[in-house]
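In what follows, a single structure is set out as structure tokens and then discussed.
The values are calculated or read from the model by the stated rules, or taken from the named source; none is laboratory data. Given the structure is predicted, the values throughout are model-derived calculations rather than measurements. Using ideal geometry, Cβ is built from the backbone for each residue, glycine included, and neighbour counts are taken over all protein chains shown.
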Amino acid sequence: MAAIAAEADRAWERTLAEWGAAPGTPAERDLAALVADAPDRFEWRVVDAALDLLACPDCGAPLGSGERGCGPCDLADGNRYAAREVDRPAVAPRNEHAVRVAWTVARHPHRYGPRAVCGMELSLPEVYAGRMPTTAQAQAYRRLIDGLTDAQVESVASLDELLRLAARR
Ligand SMILES: [Zn+2]
């Protein structure tokens with residue numbers, strides 16, 4: 001999570017420099033609003049960084065991160081997926097999308113069910129390392145997570161631990 005957050009910070013710093021906007025100025029906020037309005041023109045880390053700088057007019061949370069049902073947040077959270085997802089070198093196609101979805105869900109767990117959050121948190125290190133589960137593997141992990149107790153869903157911290165918990169049942 002920290003590594004991706006740092007990447008988003010750097011992506012935003014580069015975008016600020018490209019547009020000649022200084023951090024902490026109204027120009028930065030204007031650029032963030034421009035990016036949020038045209039996510040398809042920017043890389044997803046830039047879009048996420050821009051949303052973080054904008055406050056939701058309804059709930060006051062960083063735009064797109066409020067509770068589900070907040071209109072502007074739901075709209076921004078849906079639109080964020082229009083952003084560009086450029087696969088890193090030497091990873092499977094669509095890996096960047098998997099990284100991005102897992103990061104987004106893990107960052108905003110209150111917007112998703114606990115088992116969905118658990119699955120994304122466990123997969124994030126894998127997909128960030130460039131590995132992609134097969135469909136069968138993903139379905140198997142989902143079944144194992146469905147078999148956990150609520151407390152285990154909260155505490156399980158790795159795919160290895162998930163497999164150990166499942167083996168004990
Ligand atoms: Zn909101």
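Just a few scattered comments:
- Residues that are under 24 Å from Ile4 (Cα atoms) and surrounded by 14 or more Cβ atoms within 10 Å (Cβ to Cβ), drawn from the range 143-161: Val153, Val156, Leu159
- Members of the range 133-169 found to be β-branched (Val, Ile, Thr) and assigned to a loop (DSSP other than H, G, I, E, B), listed by number: Thr134, Thr149, Val156
- Members of the range 32-61 found to be crowded, with 20+ Cβ neighbours inside 10 Å, away from the ligand (no atom under 16 Å from the Cβ) and assigned to a helix (DSSP H, G or I), listed by number: Val35, Pro39, Trp44, Arg45, Val46, Val47, Ala49
- Only residues that are within 15 Å of the ligand (Cβ to nearest atom) and of a type in the set (Ser, Thr, Tyr) were counted across the range 92-118, and they come to 0.
- Of residues in the range 62-91 being assigned to a loop (DSSP other than H, G, I, E, B) and surrounded by fewer than 16 Cβ atoms within 10 Å (Cβ to Cβ), the one farthest from the ligand (Cβ to nearest atom): Ala90
- For beta carbons closer than 7 Å, sequence separation of 6+ or different chains, a first residue in the range 149-160 that is under 9 Å from Cys118 (Cβ atoms) and assigned by TED's automatic domain parsing to the domain that holds Tyr128 and a second that is not in a helix (DSSP H, G or I) and not basic (Lys, Arg), the qualifying pairs are Val156/Leu148.
- Test result for Ala5, more than 12 Å from the chain's Cα centre (by Cα) and surrounded by fewer than 18 Cβ atoms within 10 Å (Cβ to Cβ): no
- Some residue of the range 100-109 being more than 25 Å from Ala49 (Cβ to Cβ) and either within 11 Å of the chain's Cα centre (by Cα) or aliphatic (A, V, I, L, M) (or both): no
- Among the residues listed as Asp52, Asp40, Asp48, Asp77, the single one being at negative phi, modelled with pLDDT of 95 or more and over 16 Å from the mean Cα position of the chain (by Cα): Asp40
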